[in-house]
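Worksheet for the structure shown next.
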Amino acid sequence: MAVVEISSGVCGFTTRIEGSADASLQVALEITSECSRIQDLAQHLTQVSAMEELFQPITETQTYRAAAKCGLHTACPVPSAILKAIEVASGMALPADVHMTIHTN
């Protein structure tokens, strides 16, 4: 199982993604968040095929299509985190933290 926790920034919402893959690399996703749009996304994205999801252009993934349908902000980090959870849960990537530092000069 892979667990990814996201603090999205200025919106103040947090999201938790749990992903577990079966032998055929179908990944069951459990997404919880304080954000109503992410809650909507969670209902649309309960299971994906890692092989299909991770080997196509980003705009054609089920994750990003559902994110657009649910009205997520363009810069929301949650869809990327979902794909990271799918990678790790399916064994296609090792677990490693991702960091984004934002500042102005």
Just want to confirm a number: the relative contact order over the chain, from Cα pairs under 8 angstrom separated by 6+ residues, in percent.
28
Which of the chymotrypsin sites (Phe, Trp or Tyr not before Pro) found in the range 13-99 are loop residues per DSSP with 12 or fewer other Cβ atoms within 10 Å of their Cβ?
Phe55
If you add up the charges near Gln39, with Lys and Arg at +1 and Asp and Glu at -1, over every other residue whose beta carbon is less than 14 angstrom from its beta carbon, what do you get?
0
Per DSSP, the loop-located GluC sites (Glu not before Pro) within the range 43-105 having at most 15 other beta carbons within 10 Å are none
For the range 46-73 and the range 75-95, write down the distance between their C-alpha centroids in whole Å.
11
With a probe of 1.4 Å, find how much accessible area the chain has per residue, and write the answer as a whole number in Å².
64
Ratio of the Cα radius of gyration of the chain to 2.2 N^0.38 Å, where N counts its residues
1.03
Give me the net charge for the shell around Asp97: Cβ to Cβ below 14 angstrom, other residues only, Lys and Arg +1, Asp and Glu -1.
-1
Ignoring any ligand, DNA or RNA, what whole percent of the accessible area of the range 51-105 comes from carbon and sulfur when the probe is 1.4 angstrom?
57
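The values are calculated or read from the model by the stated rules, or taken from the named source; none is laboratory data. Nothing here was measured: the structure is a model prediction, and the numbers come from that model. All Cβ positions, glycine included, derive from the backbone under ideal geometry; neighbour counts span all protein chains shown. With ligands, DNA and RNA removed, areas are computed over all heavy atoms of the protein, side chains included. Shrake-Rupley method; radii C 1.70, N 1.55, O 1.52, S 1.80 Å.
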